[in-house]
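Down below is the structure, laid out as C-alpha cells.
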Amino acid sequence: MSINKLYSEKVMDHFLHPRNMGELPNADGVATVGNPVCGDVMKVYIKVGKKGEEEYIEDVKFQTLGCGAAIATSSIATEMIKGKKLSEAVEITNQAIAEALGGLPPAKMHCSVLAAEAVKKAIENYKKQARQKS
Amino acid sequence: MKRIYLDWAATTPVFPEVVEEMARFWRVDFGNASSLHRWGREARKAIEEARERVAGILNCQPEEVYFTGTTTTSDNLAILGVARAAEREGKTGLVTSQIEHHAVLDTFKQLENNGFEVNYLRVDKEGVVDVKELEEKVDLNTVLVSVMYANNEVGTIQPIEEIGRLLKKKQEEFGNRIFFHTDAAAVAEYLSLDVQKLGVDLMSLGAHKFGGPKGVGILFVRKGVRILPITFGGHHGGGLWPGTEAVPLIVGMAKALELAQSRTKETGVKVKRLRDKLIEGVLKRVPDCYLTGHPSQRLPDIASFVFKGVEGEAILLRLDDEGIAASSGSACTSGDLRPSHVLLAMGIPEEEAHGSIRFSLGRETSEEEIDLVVEVLPKVIDDLRRMAPKI
C-alpha cells in the first residue's frame, strides 16, 4: 500500500473526533443510505430553519456504521452543510467531501458518495414531508 | 503511551541472535556465492551450512531446500512450477482450499484462466478443510493439492497428516503421482515442520514470520517432484530460483528457524495462556461478539473475533489510537469491498464478517499488555456501536 492510499490527518481527525454525531429528535428530514451487507450504513438527520423566505440547515446530526472513511465523510459532510441554505446544501458533491478531507484512498471514494447521497436524501425527505403537509 | 503489538501473525521482530549472526555478511563476507574466489567461497560455505541446518529441522536432504524471496514467491514457484511440468504430461487437475492465503489463491486463479481445472475445497464453520470432499475431487487428472498448514486469519490447524496419508493411498490406487504442497507460513514458532511426518512434497516458509529477516523464504521440494522454474537467469538455487543469493538473509533465516523450532513448546505454552486469557476477557466483557476458528485445533497465538454491529477497520484504527496494533479481515483493509474470504467460506454472514478483528500474540507478549487490551477494547466497541444507527 503506497502512502497516498493511507488516510490523511484530516480523515483521522474526523474519524477520532466526529462532529455532529448522534440522533436529532424532532428532525424535519431523515435518510438512511447503504446497508450492513456492504459494511456501511449512514443516517443523516436535519432540522430546517427559515431566514425570511430562505430555508436553511439549522441543525444536522449523523450516525454511521462503517470504516474510518465512512465515519469521517459523514462527519465532514454535516459540518459542510450546517447553516447552509437548503438550495446550496443539496448541491453537495462527493468530490467536494473528499477534497475537504484532503483526499481519500481510491478504494474509499464510495464512502464520500454515500455521504453526499445521505445529505441529499435527508433534504428530499424533508421536502416530501413539507409537500404532504401543505 | 504504551504501545502494544498484537499483530505477530503479520510479522515478527527479528531475534537479537539473528541480527548478530547476519552482521558479518554485510561488509566482511559480502561475496557473491557464485564467485570462485575467496569471497565467493565464504558466501557459498555460509549458504550451504544454512541449507544443512534448515534441512536438519525439516528432516529432509539439503538438496531439497531452496531459498527464495518470501512465502509468496515460494507459493508461486511451488504451484506454477508443478503445474507447468504437469501440463507437459497433459495433466491439468489442481485442488486447493477456499481459505488459502492470496499468494496461493491468486496463483491458482491465474492457472484457472490458463485452462487448468481448479477445485476449491469447502471448510466447515470452524475453518477445517473437508477431507471427504478432497477424496471425491482427487482423480486421475489431479497433479497437485495445496492446503495451508494453519490458517493465518482464524488460526485453525488443518489435518495435513491426514491429507498426506489420503493422497498416498490415492496415488497407489491411481498409479501416478499427486504432489502435496502446504503453505506453512503461520506455524514455524509453534508446530513441527518435519516433512516426513507431515507427508508433504512441497512446503513454503517465510523468515519474517518466525523471527528472521524480511525478504527471504524457503521452499522444500521433495526429490522426485516434477517442477519447472518460473523465473530465469542462471543456475543459482539449483536453477529453480535463479538470482544472486541473499547471503545475510539466508544465514539469518537458518538461525531464526533453529531458535523458533527449538522453543516451540515453551513459546506455545506461554502464548496460549495469554491468548486464552484474552479470549476469555473479551467474550466476557464485550456483548454480541464471538470467537472465530476452531475452539481447540488452533494455533496458540491467534485470537480472532467478530463484533456484531461494528466495522473492523474502525475498531482497528481506534485501537491504534490507543497504542494497540491488531488486524482486520474487513473489506476496508483488503482494498475490495468484500470482507475476508476466509470468514465467508466458514459461513459467517457478510454483515458480521465486516466486524472481524484478529489479535495475534508472540513470544514477547506480556500479561500486562493483555490486561490492557481487555480493558480498552470494550470501550472502543461500545463507542463505535453508539455511533451506529439502529437498523
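Here are a few things to note about the model shown:
- For chain A, a Gaussian network of Cα nodes joined below 10 Å ranks A:Gly39, A:Gly66, A:Gly52 by mean-square fluctuation, and the top entry is A:Gly52.
- Nearby lysines by direct alpha-carbon distance to A:Lys47 (threshold 24 angstrom, same-chain neighbours under 8 apart not counted): A:Lys61, A:Lys82, A:Lys84, A:Lys85, A:Lys120, A:Lys121, A:Lys127, A:Lys128, A:Lys133, B:Lys390
- Relative to the longest principal axis of the Cα atoms of chain B, helix B:367-387 runs at roughly 60 degrees.
- Simple Cβ-charge dipole of the protein assembly as shown, Lys/Arg +1 and Asp/Glu -1, about Cα centre, in debye nearest 20: 300
- Springs join every pair of Cα atoms under 10 Å in this Gaussian network model of chain B, and among B:Thr244, B:Thr292, B:Thr156 the largest mean-square fluctuation is at B:Thr244.
- Neighbours of A:Arg19, meaning other residues whose beta-carbon lies under 13 angstrom from its beta-carbon, give a summed charge of 0 when Lys and Arg score +1 and Asp and Glu score -1.
- Sites listed here are GluC sites (Glu not before Pro) in segment B:291-391 whose DSSP assignment is loop and whose Cβ has at most 14 other Cβ atoms within 10 Å: B:Glu364.
- Fewest-first sequence of B:His235, A:His14, B:His101 by Cβ atoms within 10 Å of each Cβ: B:His235, B:His101, A:His14
- Segment B:93-220: relative contact order in percent, alpha carbon pairs under 8 Å with at least 6 residues between: 20
- Within segment B:123-216, antiparallel bridges make up roughly 25 percent of the DSSP beta bridges whose residues both belong there.
- Going from the residue with the fewest nearby Cβ atoms within 10 Å to the one with the most, A:Cys38, A:Cys67 rank A:Cys38, A:Cys67.
- Note on B:Lys109: aspartates and glutamates with a C-alpha under 15 Å away, same-chain residues under 8 apart excluded, are B:Asp75, B:Glu100, B:Glu117.
- Folded to 0 to 90 degrees: helix B:160-174 orientation relative to chain B principal axis, Cα: 50
- Sites B:Gln297 and B:Arg338 - FRET efficiency at Förster radius 22 Å, r taken between beta-carbons, to 0.05: 0.25
- Taken about its Cα centre, segment B:275-391 carries a charge dipole of about 380 debye when Lys and Arg each add +1 at the Cβ and Asp and Glu each add -1 at the Cβ.
- Bridging of A:Lys108 to lysines at a Cα separation below 19 Å is possible for A:Lys5, A:Lys10, A:Lys43, once same-chain residues fewer than 8 apart are set aside.
- Charge dipole magnitude, Cβ of K and R +1, D and E -1 - segment B:144-216, Cα centre, debye nearest 20: 120
- Binned Cα-Cα distance frequencies in segment B:1-125 - 5 Å width, integer %: 2, 8, 11, 13, 14, 14, 12, 11, 8, 4, 1, 0, 0
- Acute angle (nearest 10 degrees) that the helix B:312-321 long axis makes with the longest principal axis of chain B, alpha-carbon atoms: 80
- Most fluctuating residue given options B:Gly347, B:Gly127, B:Gly233, as computed from a GNM of chain B linking Cα atoms under 10 Å: B:Gly233
- Cα gyration tensor, segment B:129-286 - rounded (a/c under 1.5), prolate or oblate: oblate
- Helix-only CD estimate at 222 nm, as mean residue ellipticity for chain A, using -39500 (n - 2.57) per DSSP H run (n ≥ 4): -13500 deg cm²/dmol
- Considering only beta bridges that DSSP places wholly inside segment B:166-278, some 60 percent are antiparallel.
- Spatial extent of segment B:47-113: Rg and Dmax, with the Cα atoms as the point set, Å: 14.3, 41
- Averaged over the residues of peptide A:32-40, the number of Cβ atoms from other protein chains lying within 10 Å of each residue's Cβ is 6.
- Relative to the current alpha-carbon distance between B:Lys265 and B:Gln171, full extension at 0.36 nm per residue lengthens the span by 30.4 nm.
- Bridge orientation summary for the protein assembly as shown: considering DSSP beta bridges with both residues in this region, about 70 percent are antiparallel.
- From its DSSP helices (H runs of at least four residues, each -39,500 (n - 2.57)), chain B gives a residue-normalised ellipticity at 222 nm of -13500 deg cm²/dmol.
- Within 10 Å of each Cβ in A:62-73, the average number of Cβ atoms from other chains: 6
Every number in this text was worked out from the coordinates using simple rules, so none of it is lab data. In this text, all values refer to a predicted model and were calculated from it rather than measured experimentally. Ideal geometry is used to build each Cβ from the backbone, glycine not excepted, and the neighbour counts take in all protein chains shown.
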